[in-house]
1. With every protein chain present, what is the per residue accessible area of region 4-256 (1.4 Å probe, Å²)?
2. Past 21 Å, Cα to Cα: identify those pairs from LYS15/LYS151; LYS106/LYS151; LYS3/LYS293; LYS41/LYS293; LYS71/LYS131; LYS15/LYS194, in the order given.
3. Can you give the FRET efficiency to the nearest 0.05 for TRP355 and VAL170, using r as the Cβ-Cβ distance and R₀ = 51 Å?
4. Quick check on packing: order 23-32, 78-87, 309-318 by the mean number of other C-beta atoms within 10 Å, highest mean leading.
5. Extending each Cα 7 Å along its Cβ direction at LEU36 and GLU372, get the distance between those two points in nm, one decimal.
6. Expressed as a rounded percentage, what relative contact order does region 323-376 have, with Cα pairs under 8 Å and six or more residues apart?
7. Hey, got the dipole for region 323-376? About the Cα centre, +1 on K and R Cβ, -1 on D and E Cβ, debye to the nearest 20?
8. Relative to the compact globular guide of 2.2 N^0.38 Å, what is the alpha carbon radius of gyration of the chain, as a ratio?
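The values are calculated or read from the model by the stated rules, or taken from the named source; none is laboratory data. Note that the structure is predicted; figures quoted are calculated from it, not measured. Cβ coordinates were reconstructed from backbone atoms using ideal geometry, including for glycine residues, and neighbour counts include every protein chain displayed. Just so you know, the surface numbers come from the protein's heavy atoms only, side chains and all, with ligands and any DNA or RNA stripped out. Shrake-Rupley method; radii C 1.70, N 1.55, O 1.52, S 1.80 Å.
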Amino acid sequence: MTKAVYIHIPFCTNKCYYCDFNSYVTKNPQLVWDYLDVLNKEMEETVRYFPPEEIRTIFVGGGTPTFLDPKQMAYFLEMVHRHFPKRSADLEFTMEANPGTTDMEKLSIMREGGVNRISFGVQSFNDDLLKRIGRIHDSEQVLRSLENAKKTGFENISIDLIFGLPDQTVVHFQDTLDKAFGLDLPHFSSYSLKVEENTLFHTLYEKDQLPLPTEDEEVIMYERLMEQMAKHGYRQYEISNFARPGFESRHNMTYWRNESYYGIGAGAHGYVNGERHVNAGPLAQYMQLTGEKGLPRVEQFTVSRAEQMEDHMIMGLRMMEGVSANDFRHRYGITLQEQFSPVIGELIALGLLAWSGERLHLTHRGIPLGNEVFARFLGLVDKV
């Protein structure tokens, strides 16, 4: 049963130096309207082929969804409501936003259109670092955007922070954390910088012109993050996510629990009825395919039972609660021990995994080494 929706809005005011997301800088409002019309058609075809259940979470990502102007935003939200009218009473409806792309008018339209959770891409409270990574906002705009969001009725607000940035020190990161904790927000996401291909930072990195912190400094930043979040009453519920009780991102937990979700928009990924799909990413191709076929998919495949079990472990172990052995047995008809006994035993012996009751989870030592742990579950079983 599919009860979650992801929708991609690919437009941005500029391209950040580290960003490899499917996003496009444009000053052409007609292109945005054309995209929304095509998006409307994809939604229409999606729900025709795969009728939705009662929707529990909607997440609008990008790009910068708040790039849409007020009229475009109202049109977009009406479209979402029309195609996904069956919603749970406790629907979580998240929209990503960049400071400086929201004002009171737009935020009010979002609230009226059902958005009840907003996630701001803040990244840092150091203005020099913000310029260094190509962000267009400064810390003053962050404070103004958060104040406006609260004034228009948003209580469920999250901000993203990045550590391991060029020229960033542990002192810089601690200062950002101190400022963040002063905002009285219910949720934080914090990630280490990844230098991805096809970004300005990758070009600089290849030329040895990107002064990144050392690996040891990055580890200290992450340990400081976990320590300070706990100190200020935020529970780490996933490797990169921290929340006060009841404010965990339920949409993202759909991914981490390996549950199905609609993926709509240019470059979006979806997982419905045991099949994963990938939409065309380039705007022209996405719009052409949607116009011709209704569903702009360039890749679609059934996920084998073996791959489902691997995905279940790789995603589920990202959460601090870990993987439920009972749930695993119920879903796949086999126990965790029967399927993955050798690697589980090895990782427990190394002190990276542990059992708490019937749940298998990362240890404190294993959290920073999560990627190495996850890799051990890949390709361990024959394809079924």
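1. Accessible area per residue, region 4-256: 44 Å².
2. Violating the 21 Å Cα-Cα cut-off are LYS15/LYS151; LYS3/LYS293; LYS71/LYS131.
3. 0.90
4. Working: 23-32: 13.3, 78-87: 16.0, 309-318: 21.6.
Answer by packing, highest mean first, reads 309-318, 78-87, 23-32.
5. About 4.9 nm separates the two model spin labels.
6. On the way: 47 pairs, mean separation 16.0, N = 54.
Reported relative contact order: 30 percent.
7. 80
8. Details: Rg = 21.0 Å, N = 384, 2.2 N^0.38 = 21.1 Å.
Compactness ratio reported: 1.00.
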